[in-house]
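Scroll down for the structure; my scribbles are underneath it.
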Ligand SMILES: Cc1ncc(COP(=O)(O)O)c(C=O)c1O
């Protein structure tokens, strides 16, 4: 049995949800803040955060709970040992090319503050930490827009040309991209890395790549061949436990050693370490779980395509990106779904390069998607 794949039973409406929380952050408010620290959950159905709903199993969670007292009482291992668990679980050839982070966001922040100087090129819309943090640190941001008219696709040639034209010294690509679901093939990425080998840094954020296809186009075992290249990967989304904060970067040993000098010795907590140890024997179950998520995404895409007031873009991740007809107010739809149906979907208004008509909807098991599609039909009919 999977650990909590289904939403709790609930009344449909959630009138007490505080919509003003959305004005206080450029990310979306956390599940904890929306639910008063899980006290007033009232069955909030989260289609906002894309996560693996089929992992971990109930028995793995039970094993983890048993270890929590010791994990809390003692210091965790150092980064070096933890990278061995990551390498073995994620099939990365050499643990010395890995650095573990307290969520991939920790590594993103270290790269933003220590490595990315002067200017950065990012296709937009993108994950907020690749946009807001560099801007706040005074880095000049150059962008290219993923377009509705081009089905949110970007060619590798166009990307390279735009980076060269901008003169940016660093570049980031999320592959697949959050929130558009766009992807570059492995061959395209290697082409990009070769063409941009003069940049200070080029970072490929593969946080969602496990949900792109049965054989994801990862460059995790190629990236060390380039002196300026990094792969970033979030583990929380993949193993269904993003509250634990787990992620990592891969690069050549020289880059990894440079970054390690700055990291706290015990940046990974003991519970994450225990989880990483326990999932070693769950590789097959993990693989099956991510394939189930891929099937759920196909179902989600098909069901959303039935809604003629949404334009659904092709996706290579565990969410779909969709644009709502201009006659229907996107923000109002998000709020109505929250308050009247307890469904939380990601309105992308606060993302650079996106609008309040654009939504990212996370894949969930079929019955949840059916609930959402009916909820949307009902709310739109009242608008
Ligand atoms: C593309 C991308 N990278 C990294 C992250 C950060 O993940 P975490 O810090 O939870 O590992 C996110 C979170 O949504 C993301 O969308």
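Each reported figure results from applying straightforward, stated rules to the coordinates on display, with no laboratory input. All values reported here derive from a predicted model rather than from experimental measurement. Because the Cβ atoms are built from the backbone with ideal geometry, glycine has one as well, and the counts that use them run over all protein chains shown.
Sorted from longest to shortest, the spans of the Cα atoms of the chain along the three principal axes equal 59, 54, 36 Å.
Using the alpha-carbon centroid of each, what span in Å lies between region 299-338 and region 104-127? When both Cα centres are located, 29 Å separates them. Label separation (residue 137 vs residue 32): 2.5 nm, computed from points 7 Å beyond Cα along the C-beta direction. Could you list log10 I(q)/I(0) for region 245-361 at q = 0.12, 0.18 Å⁻¹, which the Debye formula gives when each Cα is one point scatterer? Normalising to I(0) and taking log10 leaves -0.72, -1.00. Taking every DSSP bridge with both residues inside region 148-266, close to 30 percent are antiparallel.
Each DSSP beta bridge with both residues in the chain is either parallel or antiparallel, and the antiparallel ones are about 55%. Taking all Cα pairs closer than 8 Å and separated by 6 or more residues, the relative contact order of the chain comes to 24 percent. Restricting to region 60-282, compute how many DSSP beta bridges are antiparallel as a %, nearest 5. Close to 35 percent. Between residue 340 and residue 214, the modelled labels are 4.2 nm apart [label points 7 Å from Cα along Cα→Cβ]. Per-residue ellipticity at 222 nm from helix content only, as computed over the chain with -39500 (n - 2.57) for each DSSP H run of at least four residues, stands at -10500 deg cm²/dmol. Alpha-carbon geometry of region 38-195: the Rg and the Dmax are 19.5, 56 Å, given in that order. Across region 29-135, the relative contact order, built from alpha-carbon pairs under 8 Å that are at least six residues apart, equals 13 percent.
Within region 341-383, the proportion of C-alpha pairs whose separation exceeds 12 Å stands at 66%.
Hydrodynamic analysis of region 138-262 uses the Kirkwood radius over alpha carbon pairs. Inserted into Stokes-Einstein at 4 °C and 1.567 mPa s, it gives a translational diffusion coefficient of 84 µm²/s. For the chain, set up a GNM with springs between Cα atoms under 10 Å and report which of 265, 248, 85 has the largest fluctuation. Most flexible of the set in this elastic network: 265. Using R0 = 45 Å, the C-beta based FRET efficiency linking residue 377 and residue 287 works out to 0.80.
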